[in-house]
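Visitor: Before I ask anything, let me first share the structure, which is written out below as structure tokens.
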Amino acid sequence: MVELSFEDIGLDTEKSFEFIISDLEKQKFLEITGDINPLHNDKSFAQKQGFADEVVYGMLTASYLSTFAGVYLPGKYSIIHSVEINFVKPVVLNDSPLKITGKVVAKDERFGQITIKYNITNRDGEKVCRGIMKVGLSNYNKN
Amino acid sequence: MNKNEIYKKLDGVFQDVFDDEKIHVDEKTTANDIEDWDSLEHINLVVAIEQCFGIKFSMNEVTTMKNVGEMVNIIIERING
């Protein structure tokens with residue numbers, strides 16, 4: 001885990017990391033959230049809805065944004081303010097490893113806030129998710 | 001742009017940021033008057049107002065503005081040079 005300060009971060013600072021979503025992660029997500037919707041755990045139902053396979057929970061894929069901000073950029077002093085998520089392509093289990101890449105596109109020194117433009121791609125490099133995250137830093141000193 | 005026009009534009013920004021068409025601000029309006037106007041929404045509001053009027057508030061102004069009236073005075077100062 002990094003411990004970046006507001007001053008350490010420049011415009012165009014970029015980080016990325018890969019993660020795996022397997023059936024284990026899907027099951028854990030189901031246990032935590034209780035989302036029993038068959039789109040995510042009934043292949044026949046998913047295919048009838050026009051998907052190739054059971055669809056991985058979008059919010060499970062997006063949950064790794066917490067890891068991105070909390071561990072990689074800015075790391076320890078991260079306070080997520082807002083997240084915009086666009087699910088542009090359904091994710092299936094075979095898509096792993098997935099990769100999150102985020103780049104700082106704005107900094108506001110009045111609020112100690114950075115704006116990160118991110119995307120999540122599957123193992124074929126196709127975007128499955130994209131959006132904007134606004135993150136504050138709890139160690140920010142305005143003075 | 002005169003004060004009335006500024007307040008009319010500000011109404012639009014506030015209504016958009018707080019997603020409430022019933023909001024109308026005046027010189028005495030503060031965060032206590034609008035539900036959801038918390039510290040996080042304050043950031044979004046300041047940025048939206050800056051974009052609307054094509055101005056930038058300083059750090060000091062952002063932290064010392066007591067009400068919408070003081071905000072409007074700064075906006076007038078900025079847009080009239």
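No value in this document is a laboratory result; all are computed from the given coordinates. Quick caveat, the model's predicted, so the values are computed rather than measured. Please note: Cβ atoms are built from the backbone with ideal geometry, for glycine as well, and neighbour counts cover all protein chains shown.
Visitor: Give the Cα extents of chain B along the principal axes, in whole Å, largest first.
Guide: That gives 33, 25, 22 Å along the principal axes, largest extent first.
Visitor: To continue, here is another question. GNM, chain B, Cα, under 10 Å: largest mean-square fluctuation among B:Val46, B:Val62, B:Val25?
Guide: The residue with the greatest mean-square fluctuation here is B:Val62.
Visitor: Can you work out the FRET efficiency for the pair B:Asp33 and A:Gln27, with r the C-beta to C-beta distance and R0 = 35 Å, to the nearest 0.05?
Guide: Details: r = 47 Å, r/R0 = 1.36.
The computed FRET efficiency comes out at 0.15.
Visitor: Can you put A:His40, B:His24 in order of Cβ neighbours within 10 angstrom, beginning with the fewest?
Guide: B:His24, A:His40
Visitor: With axes computed from alpha carbons, what is the tilt in degrees of helix A:58-67 against the longest principal axis of chain A, rounded to the nearest 10 within 0 to 90?
Guide: Computed tilt is about 30 degrees.
Visitor: Which of the lysines could be linked to A:Lys28 by a straight reach, that is with a Cα gap under 19 Å, when you skip same-chain ones fewer than 8 residues away?
Guide: A:Lys43
Visitor: Which of the pairs A:Lys117/B:Lys22; A:Lys15/A:Lys107; A:Lys107/B:Lys56; A:Lys76/A:Lys127 have their Cα atoms more than 25 Å apart in this structure?
Guide: Check vs 25 Å cut-off fails for A:Lys117/B:Lys22; A:Lys76/A:Lys127.
Visitor: Ok, one more. What order do you get for B:Cys52, A:Cys129 when you list them from fewest to most C-beta neighbours inside 10 Å?
Guide: With the fewest neighbours first, B:Cys52, A:Cys129 line up as B:Cys52, A:Cys129.
Visitor: Separate question: I'd like the FRET efficiency for A:Ser16 and B:Asp26, computed as 1/(1 + (r/R0)^6) with the beta carbon distance as r and R0 of 41 Å, rounded to 0.05.
Guide: Between A:Ser16 and B:Asp26 the formula returns 0.30.
Visitor: Counting only C-alpha contacts under 8 Å and six or more residues apart, can you give the relative contact order of chain A as a whole percent?
Guide: Numbers: 277 pairs, mean separation 42.7, N = 143.
For chain A, the relative contact order is 30 percent.
Visitor: Hey, got the dipole for the range A:18-87? About the Cα centre, +1 on K and R Cβ, -1 on D and E Cβ, debye to the nearest 20?
Guide: 120 debye
Visitor: Can you give the direction-averaged projected area of the convex hull of the alpha-carbon atoms in the range A:12-58, in nm²?
Guide: Dividing the Cα hull surface by four gives the mean projection, 4.8 nm².
Visitor: If you don't mind, another one. Determine, for A:Met133, B:Met1, the number of other Cβ atoms within 10 Å of each Cβ, and report the residues in order from fewest to most.
Guide: Taking fewest neighbouring Cβ atoms as first place, the list is B:Met1, A:Met133.
Visitor: Which residue, chosen from A:Phe19, A:Ser63, A:Thr115, occupies the Cα position most advanced towards the positive end of the dipole of the protein assembly as shown, where the dipole is computed from +1 (Lys, Arg) and -1 (Asp, Glu) charges on Cβ about the Cα centre?
Guide: A:Phe19
Visitor: Per-residue ellipticity at 222 nm for chain A, helices alone: DSSP H runs ≥ 4 residues times -39500 (n - 2.57), over residue total, nearest 500 deg cm²/dmol?
Guide: Rounded to the nearest 500, it is -5500 deg cm²/dmol.
Visitor: Something else about it: Could you work out the per residue convex hull volume over the alpha carbons of the protein assembly as shown, in cubic angstrom?
Guide: Normalising the Cα hull of the protein assembly as shown by residue number yields 164 Å³.
Visitor: So if I place +1 on the C-beta of Lys and Arg and -1 on the C-beta of Asp and Glu, and nothing else carries charge, what would the dipole magnitude of chain B be about its Cα centre? I want it in debye, nearest 20.
Guide: The dipole of chain B has a size of about 440 debye.
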